Amino acid sequence: PKYIWLSRHGESIYNVEKKIGGDSSLSERGFQYAKKLEQLVKESAGEINLTVWTSTLKRTQQTANYLPYKKLQWKALDELDAGVCDGMTYEEIEKEYPEDFKARDNDKYEYRYRGGESYRDVVIRLEPVIMELERQENVLIITHQAVLRCIYAYFMNVPQEESPWMSIPLHTLIKLEPRAYGTKVTKIKANI
Ligand code: F6P
């Protein structure tokens, strides 16, 4: 591919409430980001033809909603499944499942939520997405924090075990240019 853009969905209601997982809508700030995204892409690439990939969750589709490009949904881009912890805050998890909370902090890559997934599980389900991405030109991927960490680590050649700790902020468009000697990265903040 020539360019790959990565973005988290705009801020969601669950982000504001500090709850993980779920399928909530964007917050007002999140919608502001969605409305600004086309301008950010154009700043970064001019008039270019690209395809937008989202997950099947509402917040990524709402973020893509105002973009005038072809769109494709992937179930494999859905956020890491937090199983029984879905919809809880980290504080609630620590109270309800203190051992799990500790185990996750000790080995965040391997820790699998009860009834859910680990980062390793996400890396495995992303394989077909990455393969298709390698064959495409100019794709903008709008997905979730954990999923983006894995995709970003892949292109940055960072060992996957480190991906759970990488910083992928909200309301920031990341542009990747894969090259023979490494990937060039540019980040554009939306200031929202
Ligand atoms: O809080 C947003 C979120 O995308 C959650 O839905 C998800 O569980 C979490 O981030 C993943 O981040 P971490 O692996 O650091 O808990």
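The values are calculated or read from the model by the stated rules, or taken from the named source; none is laboratory data. What you are looking at is a predicted structure, and each value in this text was computed from that prediction instead of being measured. Methodologically, a virtual Cβ is constructed for each residue, glycine included, from the backbone with ideal geometry; neighbour enumeration extends over all protein chains shown.
Quick notes on this one:
- Every condition in (1) within 25 Å of S27 (Cβ to Cβ); (2) touching a residue at least 24 places away in the same chain (Cβ under 8 Å) is met by Q73 except one, and the failing one is (2).
- Residues considered: A82, A64. Of these, the only one that is at pLDDT 95 or above, surrounded by 14 or more Cβ atoms within 10 Å (Cβ to Cβ) and either touching a strand residue (DSSP E or B) at 6+ places or on another chain (Cβ under 7 Å) or under 30 Å from Q39 (Cα atoms) (or both) is A64.
- Residues (hydrophobic (A, V, I, L, M, F, W, C) and buried (at least 19 other Cβ atoms within 10 Å of the Cβ)) located in the stretch 1-56: I4, W5, L6, I20, L26, A34, L37, L40, V41, L50, V52, W53
- Of the residues Y66, Y3, the single one that is of a type in the set (F, W, Y) and free of Cβ contacts under 8 Å to residues at least 40 places away in the same chain is Y66.
- Which numbered condition M131 misses (of (1) of a type in the set (A, V, I, L, M, F, W, C); (2) in a helix (DSSP H, G or I); (3) within 15 Å of the chain's Cα centre (by Cα)): (3)
- Residue count for the stretch 125-144 under the criterion of being hydrophobic (A, V, I, L, M, F, W, C) and within 16 Å of the ligand (Cβ to nearest atom): the result is 3.
- The listed residue being more than 27 Å from V185 (Cα to Cα) and touching a Lys or Arg at 6+ places or on another chain (Cβ under 9 Å), out of I142, I93: I93
- Taking every residue in the stretch 136-153 that is without any contact (Cβ under 8 Å) to a residue 24 or more places away in the chain and pairing it with any residue that is assigned to a helix (DSSP H, G or I) and surrounded by fewer than 21 Cβ atoms within 10 Å (Cβ to Cβ), at least 6 positions away or on another chain, the pairs with Cβ-Cβ distances below 7 Å are A153/Q160; A153/E162.
- Restricting the first member to the stretch 6-21 and to residues that are on the phi > 0 side of the Ramachandran plot, and the second to residues that are assigned to a helix (DSSP H, G or I) and near the ligand (Cβ under 9 Å from one of its atoms), the beta-carbon pairs closer than 9 Å and six or more apart or on different chains are K18/Y90; G21/Y14; G21/C85.
- Top-ranked residue in the stretch 85-103 [being surrounded by 14 or more Cβ atoms within 10 Å (Cβ to Cβ) and hydroxyl-bearing (S, T, Y); ranked as farthest from V16 (Cα to Cα)]: Y97
- Leading residue by the ranking (surrounded by the most Cβ atoms within 10 Å (Cβ to Cβ)) among those in the stretch 109-120 that are near the ligand (Cβ under 10 Å from one of its atoms) and more than 17 Å from the chain's Cα centre (by Cα): Y113
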